[in-house]
1. If Rh is defined by the Kirkwood formula over all Cα pairs and Rg also comes from Cα, what ratio Rg/Rh do you get for the chain?
2. Each residue of segment 53-62 in order: what ³J(HN,Hα) in whole Hz does its phi give by Karplus 6.51 cos²θ - 1.76 cosθ + 1.60, θ = phi - 60°, with x for Gly and Pro?
3. With all protein chains present and a 1.4 Å probe, how do Arg66, Arg401 order by accessible area, largest first?
4. So, with +1 on the Cβ of K and R and -1 on the Cβ of D and E, and no other charges, what is the size of the charge dipole of the chain about its Cα centre, to the nearest 20 debye?
5. Whole number in Å², please: accessible area per residue of the chain, 1.4 Å probe, ligands, DNA and RNA not counted.
6. Cα centroids of segment 164-202 and segment 218-288: how far apart, whole angstrom?
7. Over the chain, with every protein chain in place, what whole percent of the accessible area is carbon and sulfur at 1.4 Å, could you tell me?
8. Could you sort Ser212, Ser102 by their accessible area in this structure, using a 1.4 Å probe and putting the largest first?
Amino acid sequence: MQCNVYLQKGSDAYAKLAPNPRIHMHSYIRAPLFCLILLASLGIAAGARAAETLDVLHWWTSQSERKAADAIAEALADEDVTWRDAAIAGGAGVGAMKVLKSRVLSGRAPDVAQLIGPNIQEWADLGLLLELDGVARKNNWNTAFFPSIWSLVRLRSHTAAVPLGIHRINTLFYNRRVFNELGLTPPKNWNDFERVANRLQHAGITPLAQSSEAWQVTTLFETLLLSESNPAFYRQLFMSNSDRAWFDPRVSRALERLRSLKRWMGEPVTEKSWDSIARQFAHGEIGMWVMGDWAKGELQTMGMNVDDQFSCLPVPGTADYHLYSVDTFVMLVGDYDHEIAQEKLARLATSPAMQIHYNQIKGSVSVRRDADPRQMDSCARSSWQTFGRGAQVQAPSLTHRMASNEQLKDAISAQIHRYFLDDTIAISETQRRIAALVRALANRKAEP
Ligand code: BGC
């Protein structure tokens with residue numbers, strides 16, 4: 001058993017406990033049960049003041065994710081609310097969503113959870129989520145947020161979620177030191193990409209990083225699909241349950257490119273966590289990497305700076321588009337006894353100052369239209385400004401839960417993954433399989 005006690009930096013309790021080698025100091029103190037006894041013996045009431053506690057379930061466990069979560073937790077502690085961490089490891093929330101569902105079903109719902117995309121509406125419909133109408137009204141969320149962010153958190157004239165940051169998925173990272181040493185120019189189109197990849201390979205550097213984890217494969221696939229098409233087609237494919245769209249030549253071309261890029265990924269493509277790829281990238285073992293810009297946060301936490309050691313570009317063919325996912329927190333109603341603390345978290349996390357601070361660490365960009373682009377690095381500025389052009393350039397990520405329900409996402413992802421791993425599966429066979437799944441899950445006959 002553990003007790004997590006949040007102590008304000010500078011407080012008596014913090015000063016007395018900080019030098020104790022048996023207590024692991026983070027921005028908060030998390031220690032075994034003896035910390036309570038210790039606190040008592042030091043004559044300090046836990047938390048120094050009667051702090052309220054919020055149990056927060058999320059999947060941020062890499063260094064930068066942890067640091068970004070801590071930034072919010074620290075601000076919350078200043079308002080006497082303790083963030084009790086219930087982090088579940090696994091990139092893209094693969095494990096966390098399962099844990100969240102099982103906790104809710106067994107009556108042990110957290111107070112706050114990371115829940116993304118259309119899931120918000122489904123959970124709100126079930127009456128599980130606290131309405132945050134008061135916070136939203138007082139803080140003018142309707143005008144402060146980008147319109148698509150505002151509509152994402154709204155359900156039938158109520159506010160159901162707290163948006164934290166916008167991630168751009170169609171991001172190509174390149175290692176500036178490696179590029180400079182080899183005299184390479186960052187690729188703007190696929191022909192350039194092939195030329196650069198070839199040079200990197202000859203120099204003994206893996207041209208393109210990739211893990212065989214299903215979500216990382218689908219993250220690349222959805223980016224390639226956008227590169228072959230546009231946001232309108234992307235939405236038709238992933239959001240309208242159109243089985244016919246899966247036979248479109250743009251899908252075949254994206255699948256073809258997914259397979260052909262394998263030759264630049266190093267042999268064999270193995271299952272690696274995204275943050276371990278970030279470490280390889282930082283060590284100069286990799287030239288390029290297509291990943292959501294949470295990777296920027298991780299590279300920064302490892303001491304690399306944007307436009308110094310690395311830079312980012314939109315993936316070829318997607319410069320005008322924004323393939324996005326929005327991190328959102330929902331507040332679970334429970335028996336309404338944490339409402340005030342939950343509202344504090346909602347207000348703090350979306351305040352102009354926290355939006356800058358948190359997103360700078362996390363690698364995402366502010367959900368606010370009044371953010372100052374001069375305070376952003378070049379990756380963030382390009383992301384924020386492109387997103388700001390509106391819905392016609394925005395493509396909601398399938399893999400990161402913005403486009404469809406879990407079931408359809410998992411079904412499509414499993415087929416793309418299979419196709420990626422097994423070169424004997426024909427492109428047309430994958431298209432046929434996915435179209436059949438879409439038909440079955442949408443529960444209707446084939447389109448004429
Ligand atoms: C989330 C990010 C997270 C990433 C890797 C995405 O689905 O939106 O916040 O950093 O997964 O775990």
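The values are calculated or read from the model by the stated rules, or taken from the named source; none is laboratory data. In this text, all values refer to a predicted model and were calculated from it rather than measured experimentally. So basically every Cβ, Gly included, is an ideal-geometry build from the backbone, and we count neighbours across all protein chains shown. With ligands, DNA and RNA removed, areas are computed over all heavy atoms of the protein, side chains included. Shrake-Rupley method; radii C 1.70, N 1.55, O 1.52, S 1.80 Å.
1. Working: Rg = 22.6 Å, Rh = 23.0 Å.
Computed over Cα atoms, the ratio is 0.98.
2. Each residue of segment 53-62 in turn: 10, 10, 8, 10, 9, 7, 10, 9, 10, 6 Hz.
3. On the way: Arg66 40, Arg401 10 Å².
Ranking Arg66, Arg401 by accessible area, largest first, yields Arg66, Arg401.
4. Dipole of the chain, to the nearest 20 debye: 660 debye.
5. On the way: 18480 Å² over 448 residues.
Heavy-atom SASA per residue in the chain reads 41 Å².
6. 15
7. Details: 9340 of 18480 Å².
Looking at the chain in its full context, I get 51 percent from C and S.
8. Values: Ser212 10, Ser102 60 Å².
Greatest to least solvent exposure: Ser102, Ser212.
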